[in-house]
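All remarks here apply to the structure that follows.
Derivation of every value follows stated rules applied to the coordinates shown; laboratory data play no part. Since we're looking at a predicted model, the values are computed, not measured. Positions of Cβ are backbone-derived with ideal geometry, glycine not excepted, and every protein chain shown enters the neighbour counts.
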Amino acid sequence: MQLLELTLPSAAENVALDEALLEMAEATAGELEILRIWEAARPMVVIGRSSRIAEEVDVDRCKSLDIPIIRRSSGGAAIVAGPGCLMYAVVLSYAKRPQLARLDEAHRAALDPLAGALARHLLGVMKAGTSDLAVEGKKFSGNSLRCKRTHLVYHGTLLYDFPLELVAQLLKTAPRQPAYRDSREHADFVCNLPLDRETVRAAILTAFPTTGPLGDWPQAQTEQLVAERYSLAAWNARL
């Protein structure tokens with residue numbers, strides 16, 4: 001697995017890069033795997049591929065605060081990211097991991113090692129719902145995936161020093177909720193990990209060991225995805 005630690009200037013570019021890395025892996029012989037770690041320089045809302053934006057996001061509040069809303073290519077519900085929220089994306093190969101053909105195994109392949117690595121520093125870390133990580137019943141990580149022909153991308157959030165009030169300000173009550181949420185509002189449901197950034201980063205690297213840096217990242221493909229999709233209201237604001 002090769003490592004890319006890269007944050008691009010805009011929300012659209014950062015969301016596009018995860019998809020471009022998946023496309024890059026698809027174009028290889030089938031065994032390339034990539035770990036990306038990044039952290040947005042300013043707040044952003046990222047919604048799922050099939051999210052109904054008006055049901056999940058306070059669009060007017062986002063506009064008033066000049067916070068971009070970007071639709072990703074993977075599923076799941078809306079998240080808020082920004083400084084204090086470390087982001088990761090791992091591109092995994094079916095050739096190396098044939099069990100990934102089953103969705104439950106795909107979630108397990110990403111979340112089990114990540115939960116295990118964090119548990120070395122913090123007691124009580126556990127998987128929760130379909131694709132969350134939680135501690136003491138509160139969510140600190142939301143994750144989603146997109147599957148293609150030879151690879152999938154699994155990506156998510158790790159809150160460690162995030163202004164949690166932004167979650168309640170920018171997101172509406174989730175229309176789809178895991179049972180462990182128990183109808184709690186955002187303020188009672190989401191938490192920061194009591195760990196510093198470097199510890200969280202080290203846990204990601206422990207969960208997904210890499211052999212060296214990714215030589216060339218797919219800049220042209222990222223720019224094309226931004227131009228054709230992630231910069232367009234027709235993509236971001238649909239549904």
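Suppose R0 equals 45 Å; then what is the FRET efficiency for Ala220 and Ala54 from their Cβ-Cβ distance, rounded to the nearest 0.05?
Step by step, r from the Cβ atoms, then E = 0.85.
Suppose we look only past 23 Å in the calculated P(r) of the range 66-204. What percent of the Cα-Cα pairs does that tail hold?
Summing the P(r) of the range 66-204 above 23 Å gives 34 percent of all pairs.
Is the range 179-230 rounded, prolate or oblate when judged by the Cα gyration tensor, a ≥ b ≥ c being the square roots of its eigenvalues, rounded requiring a/c under 1.5 and prolate requiring a/b larger than b/c?
Note, shape of the range 179-230 comes out oblate.
If the only charges are +1 at each Lys and Arg Cβ and -1 at each Asp and Glu Cβ, what is the size of the charge dipole of the chain around the Cα centre, to the nearest 20 debye?
In total the dipole reaches around 580 debye.
Lysines within cross-link reach of Lys148: Cα-Cα under 22 Å, excluding same-chain residues under 8 positions apart?
Lys96
Could you compute Rg(Cα) / (2.2 N^0.38 Å) for the range 18-69, with N its residue count? If you can, show how the numbers build up before the last one.
Details: Rg = 15.7 Å, N = 52, 2.2 N^0.38 = 9.9 Å.
After normalising by residue count via 2.2 N^0.38 Å, the value is 1.59.
Can you list the DSSP H helices in the chain whose Cα atoms extend at least 30 Å along the helix axis and whose mean Kyte-Doolittle hydropathy is -1.0 or higher?
Details: long enough: none.
In the chain, no H run is both long and hydrophobic enough.
In the range 18-103, if the dipole is taken from +1 on Lys/Arg beta carbons and -1 on Asp/Glu beta carbons about the Cα centre, which of Val59, Leu92, Trp38 is farthest to the positive end?
Sorting the options by dipole projection puts first Leu92.
Output the relative contact order of the chain, whole-number percent, from Cα pairs under 8 angstrom with separation of 6+ residues.
On the way: 459 pairs, mean separation 67.1, N = 239.
Relative contact order for the chain comes out at 28 percent.
Excluding residues on the same chain fewer than 8 positions from Lys63, give the lysines whose Cα lies under 17 Å from its Cα.
Lys172
Once every DSSP H run of n ≥ 4 in the chain is given -39500 (n - 2.57) and the sum is divided by its residues, what mean residue ellipticity at 222 nm do you get, rounded to the nearest 500 deg cm²/dmol?
-8500 deg cm²/dmol
Could you check the simple spin-label distance between Arg197 and Ser64, using points 7 Å along Cα→Cβ, in nm with one decimal?
3.0 nm
Highest mean first, how do 48-57, 214-223 rank when packing is the count of other Cβ atoms within 10 Å averaged over residues?
Answer by packing, highest mean first, reads 48-57, 214-223.
Radius of gyration and Dmax for the range 13-102's Cα atoms, expressed in Å?
15.3, 47
Sorted by mean Cβ packing within 10 Å, highest first, what order do the peptides 227-234, 38-45, 4-11 take?
Result, highest mean Cβ count within 10 Å first: 38-45, 4-11, 227-234.
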